[in-house]
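Contents: one structure, followed by commentary.
The values are calculated or read from the model by the stated rules, or taken from the named source; none is laboratory data. Values in this document were obtained by computation on a predicted structure and should not be read as measured data. So basically every Cβ, Gly included, is an ideal-geometry build from the backbone, and we count neighbours across all protein chains shown. Heads up: the accessible areas ignore ligands, DNA and RNA and are worked out on the full protein's heavy atoms, side chains in. Shrake-Rupley method; radii C 1.70, N 1.55, O 1.52, S 1.80 Å.
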Amino acid sequence: MVSKPRTAWFRPKDFDMFFTSVSATTVSSMSTIEMEVFSNTQLIIMTILMFVGGEVFTSFLGFQFTRSKFSKNCPSSDQNSVKLSHYFPDHTDSDNKIELDVEKEKPDINNIIENGSLNYSSMKVLGYVVLGYLFVVHLIGSSLVSLYVNFVPSARKALKDKGLETLTFSVFTTVSTFTNCGFVPTNENMIVFKKNSGLLLLLIPQILMGNTLYPPCLLAMIWVLKKTTKREEFRYILMNYRDMGYGHLLSGHHALLLAMTVFGFILIQFILFCSMEWNSQVMEGLNLYQKVVGSLFQTVNSRHTGESVVDLSGISSAILVLFVVMMNLPPHATFIPPNVHVHEEFPENGKRSQNRKKTFMECLIFSQLSYLAIFIILICITERKKMEEDPLNFNVLNVTIEVISAYGNVGFTTGYSCKRQLKPNSLCVDTWYGFVGRWSTKGKFILIIVMFFGRLKKFSMKAGQAWDLSQLRS
């Protein structure tokens with residue numbers, strides 16, 4: 001709010017600036033202001049907000065907090081020597097039996113000290129690996145985007161025409177893509193670059209490495225470091241991934257199933273998108289190669305990122321419903337074949353808990369789907385007048401897409417078109433910000449709550465667990 005926008009003739013409302021800040025922090029990319037309004041300073045501020053709100057960075061902070069608590073309880077040699085003397089006091093006339101017992105117990109206690117020290121050092125090494133992962137991906141990603149823009153005339157011209165600096169664009173887009181935010185410093189998002197297939201191919205790996213494929217990529221990085229450095233900590237991390245206290249660290253089998261699920265969803269969406277939209281208006285002007293890359297980019301973005309090379313208001317309703325389903329899936333959703341046994345948690349008595357009675361809080365708290373239905377109903381109430389006067393723009397499908405997109409922190413929007421007005425307004429001007437930009441302040445405030453709710457859903461009851469999609473069968 002303090003920094004000034006780029007355009008002197010237009011100053012955004014304070015509430016819209018607050019909305020944009022929340023959208024960047026929750027990596028939702030829901031917009032009520034055109035992106036080219038923001039100055040270079042404001043774009044840098046948004047870059048920092050997106051980086052801090054990204055899943056990899058927030059999980060890194062949480063892991064560091066866990067490690068700091070572990071360090072306070074980490075067994076040391078002094079502490080264990082005290083415990084040893086407590087259980088085995090020094091007697092002047094001790095018999096051989098006691099001495100033998102002490103000798104038998106000492107190796108076990110030494111193993112506890114050793115394992116505790118190795119566990120702590122492994123957690124420390126894991127923290128460095130995650131930090132290095134963040135640094136390397138952003139550095140390489142920004143460099144490649146910058147090189148592409150500098151060496152491809154069409155991309156360089158697009159930035160020059162819009163008055164955007166190459167360095168700011170490269171860093172902003174890389175951070176936004178990796179954090180799965182979806183903001184791009186152009187009004188049209190990635191539509192202006194839909195013919196720059198090379199740029200789209202550079203961004204696709206960053207999308208996957210920052211969210212859905214982060215656990216497999218992290219595991220692969222640790223495996224490579226183990227092979228190259230031969231350090232014991234990396235072997236310990238791979239063998240004891242559950243003891244590390246880092247939710248994104250999975251077993252090799254689980255990571256493989258996750259990667260197969262991710263690519264399976266992409267393939268299904270890609271086939272359906274191409275079959276429905278190949279000759280549609282949104283694909284006009286593109287050659288065969290550009291259509292393939294553009295379709296792949298669009299389907300990869302549907303899970304969490306929200307960058308777009310097509311106008312979503314122009315695609316078929318069937319594809320929109322497919323995107324709604326994809327946006328509602330958590331990043332670690334995994335299809336587990338029925339013949340594969342997975343790890344289950346058991347209580348201390350070793351018996352599987354069946355038909356467990358629900359607690360009062362579990363009965364009180366609604367399901368995630370119930371919350372979404374409530375939010376959609378509330379927004380339909382706040383925007384009921386516009387829904388009556390402008391039903392082609394303000395319809396339930398568009399509102400549902402906007403709400404689920406905010407809840408999934410995706411950023412897809414159908415936008416608003418003056419051409420769809422039943423009662424044309426001569427003062428209406430088409431803009432490039434999202435559909436929410438046409439809502440009332442009350443509707444925008446509800447969507448802010450939805451964005452926070454969606455970003456924090458993994459902390460709610462069982463919301464952070466990966467979905468076993470094999471159990472969704474009837």
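A few notes on this one:
- Scanning region 21-45 for residues that are over 17 Å from the mean Cα position of the chain (by Cα) and under 20 Å from residue 301 (Cα atoms) yields 31, 35.
- Among the residues of region 221-238, those identified as touching a helix residue (DSSP H, G or I) at 6+ places or on another chain (Cβ under 8 Å) and either closer than 30 Å to residue 204 by Cα or among the hydrophobic types (A, V, I, L, M, F, W, C) (or both) are 221, 222, 223, 225, 226, 234, 237, 238.
- When we screen 442, 457 for residues that are at pLDDT below 85 and charged (D, E, K, R), the only hit is 457.
- Here residue 453 passes the criteria (1) surrounded by fewer than 21 Cβ atoms within 10 Å (Cβ to Cβ); (2) farther than 26 Å from residue 55 by Cα except the one numbered (2).
- Residue check, residue 261 of a type in the set (Ser, Thr, Tyr), more than 19 Å from residue 117 (Cα to Cα) and without any contact (Cβ under 8 Å) to a residue 40 or more places away in the chain: no
- Single residue of region 254-276 satisfying the filter (under 27 Å from the mean Cα position of the chain (by Cα) and farther than 16 Å from residue 333 by Cβ) that is most open to solvent (accessible area, probe 1.4 Å): 271
Residue-by-condition table, conditions (1) in the same structural domain as residue 54 (by the TED database); (2) among the aliphatic types (A, V, I, L, M); (3) surrounded by 14 or more Cβ atoms within 10 Å (Cβ to Cβ):
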| position | (1), (2), (3) |
| --- | --- |
| 145 | yes, yes, yes |
| 153 | yes, no, no |
| 164 | yes, yes, yes |
| 176 | yes, no, yes |
| 179 | yes, no, yes |
| 186 | yes, no, yes |
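- Residues satisfying the stated conditions in region 287-299, i.e. buried (at least 19 other Cβ atoms within 10 Å of the Cβ) and either over 24 Å from residue 174 (Cβ atoms) or in contact with a Ser or Thr (Cβ under 9 Å, 6 or more places away or on another chain) (or both): 293, 294, 297, 298
- Residue that is modelled with the highest pLDDT, among those in region 1-17 that are assigned to a helix (DSSP H, G or I) and surrounded by fewer than 16 Cβ atoms within 10 Å (Cβ to Cβ): 15
- Within region 268-292, no residue that is in contact (Cβ under 8 Å) with a residue 60 or more places away in the chain sits with its Cβ atom under 6 Å from a residue that is assigned to a helix (DSSP H, G or I) and hydrophobic (A, V, I, L, M, F, W, C) at 6+ positions apart or across chains.
- Qualifying residue in region 420-430 (condition: within 18 Å of residue 308 (Cβ to Cβ) and assigned to a loop (DSSP other than H, G, I, E, B)): yes
- Every listed requirement among (1) in a helix (DSSP H, G or I); (2) open to solvent by 30 Å² or more (accessible area, probe 1.4 Å); (3) under 23 Å from residue 57 (Cα atoms) is met by residue 247 save one, (1).
- Restricting 326, 283 to those that are open to solvent by 10 Å² or more (accessible area, probe 1.4 Å) and in contact with a helix residue (DSSP H, G or I) (Cβ under 8 Å, 6 or more places away or on another chain) reduces the list to 326.
- When 226, 194 are checked against the criterion of being under 24 Å from residue 320 (Cα atoms), among the basic types (Lys, Arg) and either open to solvent by 20 Å² or more (accessible area, probe 1.4 Å) or out of contact with any Asp or Glu (no Cβ under 6 Å at 6 or more places or on another chain) (or both), a single residue qualifies: 194.
- Top-ranked residue in region 23-36 [being open to solvent by less than 10 Å² (accessible area, probe 1.4 Å) and in a helix (DSSP H, G or I); ranked as nearest to residue 133 (Cα to Cα)]: 24
- When we screen 402, 388 for residues that are of a type in the set (D, E, K, R), out of contact with any His (no Cβ under 6 Å at 6 or more places or on another chain), surrounded by 14 or more Cβ atoms within 10 Å (Cβ to Cβ) and not assigned by the TED database to the domain that holds residue 29, the only hit is 402.
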